[in-house]
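Colleague: Can you read through this structure? Questions will come right after.
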Amino acid sequence: MAVAPWAVPGVLKRMVIVIAWLAGVLFGLGLIVGGMTNPAKVLAFLDITGDWDPSLAFVMIGAIAVSFFAFRSAAKQPTSLLGLQLQMPPTTLIDRRLVIGALLFGMGWGLAGFCPGPAVASILSAGSAVWLFVISMLVGMFGHTLATRLGWL
Amino acid sequence: MTPFTPISSLIGGLLIGVSTWLMIRWLGKIAGISGIVGQLWSARHSDRGWRFAFVAGLMVSPLIYALAAPLPAVVIATSPPVLIVAGLLVGFGSRLGSGCTSGHGVCGLSRLSLRSLVATLTFMGTAALVVWLLRHGPFQGY
């Protein structure tokens, strides 16, 4: 029987890197094509009582239409196609952290029209305002890591 | 007011779906961007490579797009101080809530996770409320 190419030492590692890079590129292209990288469009989507632009609902519909089947087929298999372990979220708990975190995230998203993906995908193309947002976002993420390590959360 | 673009938005969504398919089906990982970015440094060394590769791909995507067509307009009307506050809230909140629009909104809903549904409804509702407060409610002009 032929040996899978990724069974050769070192090849698996490289394939993981290439596939992750490709997934990042496709994700970013999807955000750009879909209109998510323009905060004006995101805010117009969130402005339900104003001049509402429902376009971004179609981004969700398109993404979920594919992902739904991807996750279903992944759950049926013992490992991924490269033989790696599935890393599913460890909890199904609906607790205070989840709700307060989502509330704070929603506040920030509504203030600027940026969420993490589109912000990172705009770093090299959209100027210094994006840098300001992304650096603040990294500080916020680091603040969470620090607060967790200090036992505050 | 931005134009209604259902077709291109649907195509964009399908591309994102292919990305999440690559991540879960080939690598066994969730394409949750706040988690990938937030654990870039704190992850174990062996768990860092794919995170950096994904983020690098995300960062160069506009350069690749620009090879084929001019990039769509990016209109940021938010003032610098508000951008800083928004960034801090997005960063801290997405980590505390274990996910953002990608992790909970796309991957979580696709897995039919009730936890992700609660998170998604919460951040969508909150964001819509903030936009209403700033555009039509008592905080107009801020």
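The values are calculated or read from the model by the stated rules, or taken from the named source; none is laboratory data. Predicted, not measured: the structure shown is a model, and the values here were computed from it. We place every Cβ from the backbone using ideal geometry, glycine too, and count neighbours over all the protein chains shown. Note: areas computed on protein heavy atoms with side chains; ligands, DNA, RNA excluded. Shrake-Rupley method; radii C 1.70, N 1.55, O 1.52, S 1.80 Å.
Colleague: From the phi angles alone, apply the Karplus equation (6.51, -1.76, 1.60; θ = phi - 60°) to the range B:27-38 and give each ³J(HN,Hα) in whole Hz, x where the residue is Gly or Pro.
Modeller: Residue by residue, the range B:27-38 yields 9, x, 10, 7, 7, x, 6, 5, x, 5, 6, x Hz.
Colleague: So what does log10 I(q)/I(0) come out to for the range B:82-142 at q = 0.22, 0.28 Å⁻¹, using the Debye formula with one equal point on every Cα and no solvent?
Modeller: -0.89, -1.10
Colleague: If you take the C-alpha gyration tensor of the protein assembly as shown, multiply each eigenvalue by 5 and take the square root, what semi-axes do you get, largest first, in whole Å?
Modeller: Over the Cα atoms of the protein assembly as shown, the ellipsoid semi-axes are 30, 21, 18 Å.
Colleague: Put B:Trp132, A:Trp131, A:Trp152, A:Trp109 in order of accessible area, largest first, 1.4 Å probe: what do you get?
Modeller: Heavy-atom accessible area, descending, gives A:Trp152, A:Trp131, B:Trp132, A:Trp109.
Colleague: To continue, here is another question. If you rank B:Ile76, B:Ile36 by how much accessible surface each has, with a 1.4 Å probe, what is the order from largest down?
Modeller: B:Ile76, B:Ile36
Colleague: Give me the Å³ per residue figure for the convex hull around the C-alpha atoms of chain A.
Modeller: Working: hull volume 28.2 nm³, N = 153.
Taking only Cα atoms, chain A has a hull volume of 184 Å³ per residue.
Colleague: Using a 1.4 Å probe on the protein heavy atoms, what percent of the accessible area of the range A:9-87 belongs to carbon and sulfur?
Modeller: Numbers: 2430 of 3430 Å².
So the carbon and sulfur contribution to the accessible surface is 71 percent.
Colleague: Moving on. What net charge is computed for the residues neighbouring A:Trp109, neighbours being all others with C-beta under 15 Å from the C-beta of A:Trp109, Lys and Arg scored +1, Asp and Glu -1?
Modeller: +2
Colleague: Further question: So what are the ³J(HN,Hα) numbers for the range A:37-53, from phi and the Karplus equation (6.51, -1.76, 1.60; θ = phi - 60°), rounded to whole Hz, Gly and Pro as x?
Modeller: Calculated HN-Hα couplings, in order: 7, 9, x, 4, 6, 5, 5, 5, 5, 7, 8, 5, 8, x, 7, 5, 10 Hz.
Colleague: Take the Cα pairs of chain B, get the Kirkwood Rh, then feed it into Stokes-Einstein at 25 °C and 0.890 mPa s and tell me D in µm²/s.
Modeller: Roughly 141 µm²/s, to the nearest whole number.
Colleague: Still on this structure: Given the -39500 (n - 2.57) contribution per DSSP H run of 4+ residues, what per-residue ellipticity at 222 nm results for chain B, rounded to the nearest 500 deg cm²/dmol?
Modeller: My calculation for chain B gives -19000 deg cm²/dmol from helical runs alone.
Colleague: Then there's this: To the nearest 10 square angstrom, how much accessible area does A:Asp95 have with a 1.4 angstrom probe?
Modeller: About 50 Å², ignoring ligands and nucleic acids.
Colleague: Which net charge results when you count Lys and Arg as +1 and Asp and Glu as -1 among the other residues whose beta-carbon is under 11 Å from that of B:Pro3?
Modeller: -1
Colleague: Going toward the positive end of the dipole of the protein assembly as shown, with +1 on Lys and Arg Cβ and -1 on Asp and Glu Cβ, which of B:Ile30, A:Gly143, A:Trp109 do you reach last?
Modeller: B:Ile30
Colleague: Can you tell which of A:Leu81, B:Leu58, A:Val66 lies farthest toward the positive end of the dipole of the protein assembly as shown, using +1 and -1 charges on the Cβ of basic and acidic side chains (Lys, Arg; Asp, Glu)?
Modeller: Of the listed residues, the answer is A:Leu81.
Colleague: For the range B:11-24, just list the computed ³J(HN,Hα) in residue order, Karplus coefficients 6.51, -1.76 and 1.60, θ = phi - 60°, integers in Hz, with x standing in for Gly and Pro.
Modeller: In residue order, the calculated couplings are 4, x, x, 4, 4, 4, x, 5, 4, 5, 5, 4, 5, 7 Hz.
Colleague: Between the range B:59-90 and the range A:109-147, what's the alpha-carbon centroid distance in Å?
Modeller: 9 Å
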